[in-house]
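Undergrad: Below you'll find the structure I mean.
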Amino acid sequence: MKALADRRARIVRVRAVQHIQASIAAGEAEQRANDLAESSRRLVALRGGLEFSEGTVQAGALAAQAELAARLEAARAGMADNIAAARAVATTKEGERLAARIRQEGAEKLQQRAVQQLQDSIEARLAAGHRHRLAPKA
């Protein structure tokens, strides 16, 4: 019985570590998705900050500014797929974290049951009043 309780305790420790690892992975995935979204917002703000001034402007400067605006817009549009993929990964990692937590809780319940069985067994032996005999020394 004690071996069962010890084995269950080991499983609980392993499941706790697995849950911690899954939590860290989920947090990192969520942070990556948030970072990409923030980068996209910064690109929009940078693009919005490009103003075409009125009055006389050299054609080369105007063309350079228009090209920069087009590149910023293309970069932002290209990030949409990366953001969607990062959010999908974050959702998957969160599901893995929840599954790890469920496995941890299940292991904790099994450990509690094993400990209770061990305690019941010890109490039953004590209540029976039987003593184990030591082997006679030769």
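Undergrad: Looking for something in a helix (DSSP H, G or I), modelled with pLDDT of 85 or more and more than 26 Å from ARG32 (Cα to Cα) - is there at least one such residue anywhere in region 89-97?
TA: Among the residues of region 89-97, not one is in a helix (DSSP H, G or I), modelled with pLDDT of 85 or more and more than 26 Å from ARG32 (Cα to Cα), which makes the answer no.
Undergrad: Could I ask something else about it? Out of ALA75, ALA100, which single residue is surrounded by 14 or more Cβ atoms within 10 Å (Cβ to Cβ), closer than 27 Å to HIS19 by Cβ and in contact (Cβ under 8 Å) with a residue 24 or more places away in the chain?
TA: ALA100
Undergrad: Among the residues of region 104-125 satisfying the criterion of being among the hydrophobic types (A, V, I, L, M, F, W, C) and surrounded by 12 or more Cβ atoms within 10 Å (Cβ to Cβ), which is farthest from the chain's Cα centre (by Cα)?
TA: ILE122
Undergrad: Among the residues of region 13-55, write down those that are within 24 Å of ILE102 (Cβ to Cβ) and either in a loop (DSSP other than H, G, I, E, B) or among the basic types (Lys, Arg) (or both).
TA: Residues satisfying the conditions are ARG13, ARG15.
Undergrad: Another question, then. Across region 24-69, what is the number of residues that are at pLDDT 85 or above and aromatic (Phe, Trp, Tyr)?
TA: 0
The values are calculated or read from the model by the stated rules, or taken from the named source; none is laboratory data. Just so we're clear, the structure is a prediction, and the values are computed from it rather than from any experiment. Counting neighbours? That spans all protein chains shown, and the Cβs are built from the backbone with ideal geometry, glycine included.
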